[in-house]
Every structure is written in C-alpha cells, then in structure tokens.
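Single-structure report; data block below.
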Amino acid sequence: SISIGISKGLEHLHTGFLKPIIHGNLKSKNILLDRKYQPYVSDFGLYLLLNATASQEMLEASAAEGYKAPELIKMKDASEETDIYSLGVILLELLSGKEAVNENPTSDEDFYLPNFMRNAVLGHRIGDLFHPNILLRDSNDDQSWVTEECILKFFQLAMACCSPSPSLRPN
C-alpha cells in the first residue's frame, strides 16, 4: 500500500495539473507516513525555487544518495522520467530492505541498489532480491499475504523504473 500511495502521489504531480509538476528530488526521506502508514510525497518542485547553483547542488546530493537517474549526469533538468527512476529506487528499497547506496559493499556487491539487484539476478542470488520478512504473514491482516509471483512482478516494475534508458521506463 505504501508503494501504491507513492505512485499515485507521483502520478498526481505529473498528470493532475495543467502543467506537470516534476518532483526533482524524490527519495525515501521525502516520503512521509502517517499513523496508518499512508504515504505523502513531500518537497516536490523545490529545486525550481532555488537558483541554478543551489538547484544543481540539490540534484548532486540526490545523486550521492543513489536516487539520481543516469541521464541527469549529462542533462541538468529533472523530468517525469527522472522522477520515475527515483521511484524505482524507492520500490527496490521497500522490496529489499536495503539502502539506495551501500556505503561498505563487499566484493560481490555493487555500490548502487539498482546495479546490485541486476547483478543478483544475473548471479542467480534470488535471496538478495527481497527482505526475508516480506513473505511473513500478519495473522491480524488478511491483505498482508504476499506471494512470490507478486514479489516478482513488483521487482520487474521497480527494475523497469530503473532502466538506464528513460524511454523504456513506465509512466
């Protein structure tokens, strides 16, 4: 429900107004949860209010935290596609329980979460793709049952969002 709420919030920013609002700094720290774990997307469009230098510094900080789309290295403007990339990283965080950037990777781990997940698939390390507790069922919540098929679809969506090619990312 958290991932669906974040996605709906981002969709509203992108399609709910005459002119799309680009978040530009989407990361897990900018997702607020209420007592019922309903997510709220915060700090959207903030980079537009800053001068060019401050805006670039904010995007660079986002890159250091692992949420910046690869094309932002060459292009300076955030877009709907760069927001989708950041959403994909957040989805991978929710799925795996890992941080977007691994400060101390081992020899078989990658620094950035999307690369780590790609390498886990290629290396047939399926256990690295999701947090083991994700399959546990809460006896008080009939809707908490998560199947392996659901996890696979969630993973495929998250990885599609993290595609290196902006045109291949879902809207």
(Q) Whether any residue in region 114-124 is within 16 Å of I90 (Cα to Cα), within 20 Å of the chain's Cα centre (by Cα), modelled with pLDDT under 85 and surrounded by 11 or more Cβ atoms within 10 Å (Cβ to Cβ) is what I want to check. (A) no
Q) A63: surrounded by 14 or more Cβ atoms within 10 Å (Cβ to Cβ) and at pLDDT below 65, yes or no? A) yes
Q. Are there any pairs with C-beta distances below 7 angstrom linking a residue in region 127-150 that is open to solvent by less than 100 Å² (accessible area, probe 1.4 Å) to a residue that is part of a loop (DSSP other than H, G, I, E, B) and modelled with pLDDT of 80 or more, with the two at least 6 apart or on different chains, and if so which?
A. H131/G97
Q: Just give me the residues in region 12-32 being assigned to a helix (DSSP H, G or I), open to solvent by 40 Å² or more (accessible area, probe 1.4 Å) and without any contact (Cβ under 8 Å) to a residue 40 or more places away in the chain, in sequence order.
A: H12, T15, K29
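Output yes when any residue across region 143-166 is assigned to a helix (DSSP H, G or I), at pLDDT below 70 and of a type outside the set (D, E), and no when none is.
The answer is yes, given that some residue of region 143-166 is assigned to a helix (DSSP H, G or I), at pLDDT below 70 and of a type outside the set (D, E).
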Q.
Given (1) at pLDDT below 75; (2) within 22 Å of R169 (Cβ to Cβ), identify the lone condition not met by D108.
A. (2)
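The values are calculated or read from the model by the stated rules, or taken from the named source; none is laboratory data. Quantities reported herein were computed from a predicted structural model and do not represent experimental measurements. In this analysis, Cβ positions are derived from the backbone assuming ideal geometry, glycine residues included, and neighbour counts consider all displayed protein chains. The accessibility values were calculated without ligands, DNA or RNA, using every heavy atom of the protein model including side chains. Shrake-Rupley method; radii C 1.70, N 1.55, O 1.52, S 1.80 Å.
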